[in-house]
Every structure is written in C-alpha cells, then in structure tokens.
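These notes concern the structure reproduced below.
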Amino acid sequence: MTIRHFLTLNDLSSTELGRLIRRASELKAIRNRGEVYEPLKSKVMSMIFEKSSTRTRVSFEAGMAQFGGHAMFLSPRDTQLGRGEPISDSAKVISSMVDVVMIRTFSHQLVEDFAANSSVPVINALTDEYHPCQLLADMQTYFEHRGEIQGKTVTWIGDGNNMCHSYINAAKQFDFKLNIACPEGFDPNMELVEENKERVFITRSPQEAVTGSDLIVTDVWASMGQEEEQKEREKKFSGFQVSPALMDHANKDALFMHCLPAHRGEEISIDMMDDPRSVVFDEAENRLHAQKALLEFLLVK
Ligand code: CP
Ligand code: NVA
C-alpha cells in the first residue's frame, strides 16, 4: 500500500480535494446530529509542535478523540528532537509506533525529510512555506457559504507568507483567480507565482486587488519566528489593512477570512471581524471537520 502524505495541497488531486471538502461538511453534520462515528479506533497520531498553536492542536486532538483514536503532543523541549537527534532517525522510530504524524515546524525541508523516512502518513500543520490544512478549512467554509469557488476571484492582502503560498496552490487546485496585494519586498515565492502566472496577479494596491473579488483573505504581518521584525513590518504594511470600507470595493456577496490569530488594529480594522461579511469563526471551526476528512482520507481504506 502506498503511503499518502499531505505536505502541500499538491499532494492530492483536484478531484480528491473537492471530495474531501464535501466530506468535511458531511462529517460536520454527523457530529452536529450527535452521531458517534469512530473509524480510527485504536489509531494514534503523534503531533510534533515546534511552534505555538491553538486551533491546530485543538482541532487535531479533538478530531482524533471524536474518531475513537488518540493524539499525542510532542514538543522539542521534552523530546530528543530538541537535542539534535537526526530527523531521519526520529521519523523511523516515531512512525514505527503510531499511525499518522502531524508536524508544525519552521523548515519545510524538515517535513519533507520526515515524510521520506516515515512508514506512516505525514501531515504538514504549518511550515515557514505552507499551511495546507488551513486551506482545507477555508475552501470548506467558502463552499458552505457560497457554493463552488471554481471561476471566482480571491484576493490575498498582506504578507507573501506561508498562507499566501497555500492560496497560490489552492488557486490552481480549486481553479480560481488570485489577486495578491503585498508591499514591495514582501512578495510570495516568485517561482510559485511564475508557475501559476495565468491565474495569480500581484499588485501594490489593495483597493485595485479587491475590486471584483468574491473572497478577501489576510493574515498577520509578522508570522511566528518574525517577532523581532514586528515594528518594522507595521510601518511597511500600514496601507494594507483590511476594513469594511476596503471590503466595500469587492463584490456585494464577498466574504472575509483570516486563519487567526488576528491582530485588530494591524492587518484588520477593529470592526472587521464583527462585519457580517466575516466568516472567521466558521473558518476556525472547520479546521476540525476538514482535518477529520483528511485523517479519514489518509487512514481509512
Ligand atoms: N490558524 C492556525 O493555524 O491557528 P493556530 O496557530 O492557533 O494553530
Ligand atoms: N502566517 C502565520 C499563520 C499562523 C496560523 C504564521 O506562520 O505565524
């Protein structure tokens, strides 16, 4: 049996991703009806966190418990991972004892190296380069509120970071147009942009970017690991705040998303999360349902 990993959205086909999003909504309905569905009884997931998390940890841990399995939190502080044990050795050992491994770390290469040495599926729960699990929840949320995203226009405002890169992958996999408004010097990976140049467009003007858009998305200006750049970034990103006034330039039924945590008064205005166009809390809850669909896809044959 071939092991499937989920390191970026490109590890699944467009058809598989589409099915997964729909399955996530079904799993949500099953849970809302109070039905017990435990396809992962006696299965164990290791969760390796080298960066902080609220949503990712809670959603994976709750999802495994609801599926009848167990999730184990591992931090570099109290495992040999933090003392320099080679990733290849760690991957062989950990994967020999559990059924699936989830990793949140800095280097994307590390999750690739782990996956290359793992005998079980590996899930990328955020690296400096990509955050594919968040995109599953975002695509599910758009689908639940507005239907198919295919052929729509999405606008990313702010840093060309891990989330932005996953939006570029999503533009290809879910077939939408992506406008990216970022300050000079904070462009996403230009190779990725070039590979998707028929659907990804970069501008310096948030207002131009949101015009004609169906979904507006932003994220913090300084990601985890960039804390010392916070002050300098606040200056450089000052014209890139998403507010209800900016949203007024988008299409009438446009939605607003943010992976959270959000910094009110920085990348979003104080009132943005309470605007009726904001679906950020549905988006956050959908992390649970979308990742349960992912676990079922990877582990239930
Ligand atoms: N959006 C997201 O991944 O949140 P956490 O950092 O809280 O996991
Ligand atoms: N870009 C953010 C996303 C947090 C979920 C970060 O990497 O910190």
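Structural remarks
- R199 meets the conditions (1) within 18 Å of the chain's Cα centre (by Cα); (2) surrounded by fewer than 20 Cβ atoms within 10 Å (Cβ to Cβ) in every case but one. The failed one is (1).
- Output for region 114-163, where each listed residue is within 16 Å of ligand 1 (Cβ to nearest atom), among the β-branched types (V, I, T) and over 17 Å from M257 (Cα atoms): I123, T127
- Residue in region 1-14 that is assigned to a strand (DSSP E or B), more than 16 Å from ligand 2 (Cβ to nearest atom), modelled with pLDDT of 95 or more and crowded, with 20+ Cβ neighbours inside 10 Å present: yes
- Among the residues listed as R31, R77, R57, the single one being in contact with a strand residue (DSSP E or B) (Cβ under 7 Å, 6 or more places away or on another chain) and assigned to a helix (DSSP H, G or I): R57
To keep it simple, each residue is scored yes or no on (1) crowded, with 22+ Cβ neighbours inside 10 Å; (2) free of Cβ contacts under 8 Å to residues at least 60 places away in the same chain.
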position	(1), (2)
M272	yes, yes
D275	no, yes
V280	no, yes
L294	yes, no
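- Residues of region 144-162 that are in a helix (DSSP H, G or I) and farther than 24 Å from T15 by Cβ: N162 alone.
- Extreme residue, farthest from ligand 2 (Cβ to nearest atom), among residues of region 106-133 that are farther than 23 Å from K43 by Cα and of a type in the set (S, T, N, Q): Q109
- Applying the criterion of being more than 16 Å from ligand 1 (Cβ to nearest atom) and touching a residue at least 40 places away in the same chain (Cβ under 8 Å) to the residues of region 29-68, the residue that is most open to solvent (accessible area, probe 1.4 Å) is R31.
- The condition (being more than 16 Å from ligand 1 (Cβ to nearest atom) and out of contact with any strand residue (DSSP E or B) (no Cβ under 8 Å at 6 or more places or on another chain)) is satisfied by just one residue among D282, D275, D248: D248.
- Within region 17-39, tally of residues that are in contact with a Lys or Arg (Cβ under 9 Å, 6 or more places away or on another chain) and closer than 22 Å to D99 by Cα: 4
The values are calculated or read from the model by the stated rules, or taken from the named source; none is laboratory data. Treat the numbers as computed from the prediction; the structure is a model and nothing was measured. Neighbour counts are summed over all protein chains in view; Cβ atoms, including those assigned to glycine, are modelled from backbone coordinates with ideal geometry. In case anyone asks, the SASA skips ligands and DNA or RNA and just uses the protein heavy atoms, side chains included. Shrake-Rupley method; radii C 1.70, N 1.55, O 1.52, S 1.80 Å.
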